[in-house]
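Participant: Take this structure first; my questions come after.
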Amino acid sequence: MSYGVAAALQGAVFQALSNDAALDALVNGAIYDALHAGALPTLYVILGSEDVKDASDQTGGGALHEFTVSVVTESAGFASAKAAAAAVSDALVDADLTLTRGSLVSLNFYKAKAARIGTGDMRQINLIFRARVADDT
């Protein structure tokens, strides 16, 4: 198994989301790898957790990454969050990402869960993607 491509995959995913014009139009650049201190915008995207499994074969090391991208909004209802979630999915599914280590074999949508957070207006959609990577080092 190789976990060596994890940081390269995360960086490429963040770049792809940050450079996507449709997503940017919806969230005004509010795409985070980690939340900053202070007030947050009313709609934003944040990279989340990942689970990684070995996917090595006779050709070399590799891994299957299941990673979460969350869309969070303080707006009542899910409309704005679902529009942003669709843009996230459009930006990532079958994306041709360039990694600083290894290579991306495939990137697909796996599942999503939309939920109200607490008793207020906060909503969150967690999108889970599966990326198969090869560690070509």
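Participant: Would you compute, from DSSP H runs of 4+ residues alone, the mean residue ellipticity of the chain at 222 nm, taking -39500 (n - 2.57) per run and dividing by the full residue count, rounded to the nearest 500? Write out the running numbers ahead of the final one.
Facilitator: Values: 3 runs with 34 residues, N = 137.
Mean residue ellipticity, 222 nm, calculated: -7500 deg cm²/dmol.
Participant: While we're here: On each of the three principal axes of the Cα atoms of the chain, give max minus min coordinate, whole Å, ordered largest first.
Facilitator: Taking the Cα atoms of the chain, the three principal extents are 51, 27, 26 Å.
Participant: Next up: For the chain, take the longest principal axis of its alpha carbons; what is the angle in degrees between that and the long axis of helix 79-92, to the nearest 10 within 0 to 90?
Facilitator: Long axis of 79-92 versus the principal axis of the chain: about 20 degrees.
Participant: Turning to a different aspect of this structure: What number in nm² do you get for the range 1-62 if you take the convex hull of its Cα atoms and divide its surface by four? Write down the numbers at each step before the final one.
Facilitator: Details: hull surface 21.9 nm².
Computing the convex hull of the Cα atoms and averaging its projections yields 5.5 nm².
Participant: Can you tell me the dipole magnitude for the chain around its Cα centre, using point charges on the Cβ only (Lys, Arg +1; Asp, Glu -1), in Debye to the nearest 20? Could the numbers behind the result be given before it?
Facilitator: On the way: 9 positive and 15 negative charges, 88 e Å.
Roughly 420 debye for the chain.
Only the coordinates and a few stated rules stand behind these numbers; no lab work does. In this text the structure is predicted, and so the values were computed from the model without any measurement. Ideal geometry is used to build each Cβ from the backbone, glycine not excepted, and the neighbour counts take in all protein chains shown.
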